[in-house]
């Protein structure tokens with residue numbers, strides 16, 4: 001007796017949490033981070049009508065996928081990034097059957113929702129948008145906080161990298177100044193700095209290039225002559241930059257050796273001491 005075929009298990013519904021920003025302490029580098037992944041939470045592709053031919057989706061690059069989505073759904077994918085509706089991949093497949101493969105669409109959505117611009121939009125928006133640009137589900141506090149945390153993490157990485165680059169640039173400039181002032185031979189200078197001659201020459205060349213590309217320092221105006229805006233010396237200051245003092249007859253008399261002027265007070269009570 002032939003056994004009856006076991007019916008396929010029903011698709012388990014994907015909870016909204018599957019679209020949460022996949023960010024944790026062990027998150028990969030920013031370029032590999034999937035911050036908000038509607039594709040991961042997408043339901044299976046819509047089944048075609050019985051008897052209808054299903055055309056195979058053409059091979060498509062990520063750039064071609066992005067362009068197709070902009071043309072077909074400009075309200076959601078054109079312009080600045082916008083928070084995407086959960087499980088949007090199923091909606092795309094239903095509205096554009098046979099255009100996108102699931103793999104290409106999933107790869108695009110992972111990259112799109114992991115971008116810094118998308119995270120900023122998600123952290124500021126109140127609702128997600130569907131393919132027509134209409135608000136749908138509200139952005140959950142969990143997703144918003146995850147976006148903010150990831151943005152803070154990326155900002156800290158950028159600031160640390162920038163600080164390292166600035167310090168390295170200062171070190172190269174300092175090395176160039178030392179080399180120009182030293183009386184040592186190049187070999188002794190390399191031994192002192194712990195560099196090979198090749199490393200020294202490469203570092204000095206980079207330092208000279210950075211010095212040539214650096215903008216000139218602005219001359220600080222300290223009250224000497226007209227100010228940079230052409231308005232002349234500041235009011236109440238002499239041309240040398242020292243504040244003018246009001247004329248004081250009493251001070252002038254003391255400076256000339258004359259008696260101190262006490263005004264109308266007259267001599268102190270009790271006469272001269």
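The values are calculated or read from the model by the stated rules, or taken from the named source; none is laboratory data. Since the model is a prediction, treat every value here as computed from it, not as a measurement. In this analysis, Cβ positions are derived from the backbone assuming ideal geometry, glycine residues included, and neighbour counts consider all displayed protein chains.
Scanning segment 90-104 for residues being within 29 Å of the chain's Cα centre (by Cα) and surrounded by 23 or more Cβ atoms within 10 Å (Cβ to Cβ) gives a total of 0.
In this structure, residue 148 does not qualify as at pLDDT 95 or above, surrounded by 18 or more Cβ atoms within 10 Å (Cβ to Cβ) and either in a helix (DSSP H, G or I) or out of contact with any helix residue (DSSP H, G or I) (no Cβ under 6 Å at 6 or more places or on another chain) (or both).
Pairing residues of segment 133-145 that are closer than 24 Å to residue 69 by Cα with residues that are in a helix (DSSP H, G or I), at Cβ distances under 6 Å and at least 6 apart in sequence or on separate chains, gives 133/75; 133/76. A single member of 110, 169, 72 is in contact (Cβ under 8 Å) with a residue 12 or more places away in the chain and under 30 Å from residue 191 (Cβ atoms), and it is 169.
Just one of the listed residues (154, 169, 87) is in contact with a helix residue (DSSP H, G or I) (Cβ under 7 Å, 6 or more places away or on another chain) and at positive phi, and it is 87. Looking at the structure I just gave you, is residue 155 within 30 Å of residue 114 (Cβ to Cβ) and at pLDDT 55 or above? In short, yes.
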